[in-house]
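The values are calculated or read from the model by the stated rules, or taken from the named source; none is laboratory data. As the structure is a computational prediction, the values presented were derived from the model and not from experiment. With ideal geometry, Cβ positions are generated from the backbone for all residues, glycine too; neighbour counts draw on all protein chains shown. Heavy atoms of the whole protein, side chains included, go into the accessibility calculation; ligands, DNA and RNA do not. Shrake-Rupley method; radii C 1.70, N 1.55, O 1.52, S 1.80 Å.
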Amino acid sequence: MEILTFPRKKGVLAASRPLIKSYLLAFMLLLSLQVHAQDNVINAFKQSYALEKTGNYKAAAEALQAIYQSDGYEINLRLGWLQFQAGQLEESVNYYQKAVNLKPYAIEPKLGLVLPLSMQGDWNQIIGIYQKILQSDPQNSLVNYRLGLINYNQGNFDKADPYLEKVVNLYPFDYDGLILLAWNKLNLQKTREASVLFQKVLMNNPDDKSALEGLKLIK
């Protein structure tokens, strides 16, 4: 069987060696710059954590702003938290919103965004954020509880009920879920269900004042 071979051109390999060498040098330089940049980012985060522990949130944020990149999810997320801690609510919203935009399916930046919005009393936007979370994570007990609590505080007991029911179904002996659902049932005049729930609360915390008060109102 005849084996095909390709003729070698003299000097081609030798001529290509300097070019290959220059490519390798460029690659190694780029890699070195990337490693150096990543070290700077890690050091900035380390510095920000240390400053946060002292309560100096402004300086902790400035440590990250010095190496800020608008497309950096982690930096935007952390700056959202630090600005919230510093009481800079608008700045916190902006950074958290950037993190949400960078990771649209992530839950953590949405939960972060709720923090400054709650201080601003923007409950309609908060409800919308929580409902978006439930679209991807319908069993999220924290979000279900908070939606139940918001609607309860607004007097929307019918709307609060399914959220709180889900929480108690997921965590049948959780105090917070039981006591809030019990009061919600009482406000819906579902006294039998409320009584059972208040008694379960007392199994969790036998001297609970809120449960005892609820049972007195039923009797």
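General remarks:
- Meets criteria (open to solvent by 20 Å² or more (accessible area, probe 1.4 Å) and of a type in the set (Gly, Ala, Ser)) for residue 60: no
- Scanning region 197-214 for residues that are open to solvent by less than 70 Å² (accessible area, probe 1.4 Å) and either farther than 25 Å from residue 154 by Cβ or part of a loop (DSSP other than H, G, I, E, B) (or both) returns 202, 204, 205, 208.
- At least 2 residues being small (Gly, Ala, Ser) and surrounded by 14 or more Cβ atoms within 10 Å (Cβ to Cβ) is the threshold, and among the helices (runs of 4 or more DSSP H) wholly inside region 70-145 those reaching it are 89-102, 108-120.
- Residues (assigned to a helix (DSSP H, G or I), surrounded by fewer than 23 Cβ atoms within 10 Å (Cβ to Cβ) and aliphatic (A, V, I, L, M)) located in region 181-193: 186
- Residue 67 at pLDDT below 95 and either part of a loop (DSSP other than H, G, I, E, B) or open to solvent by less than 40 Å² (accessible area, probe 1.4 Å) (or both): yes
- Pairs linking a residue in region 108-123 that is within 15 Å of residue 149 (Cα to Cα) to a residue that is at pLDDT 95 or above and hydrophobic (A, V, I, L, M, F, W, C), with Cβ atoms under 8 Å and 6 or more positions apart or on different chains, are 114/126; 114/129; 118/126; 123/150.
- Between 57, 73, 49, the distinction of being at pLDDT 60 or above, closer than 26 Å to residue 135 by Cα and within 22 Å of the chain's Cα centre (by Cα) belongs to 73 only.
- Long-range neighbours under 6 Å by Cβ, at least six apart or interchain, first residue closer than 14 Å to residue 159 by Cα within region 178-192, second of a type in the set (Phe, Trp, Tyr) and open to solvent by 30 Å² or more (accessible area, probe 1.4 Å): 184/152; 184/157; 187/157; 188/157
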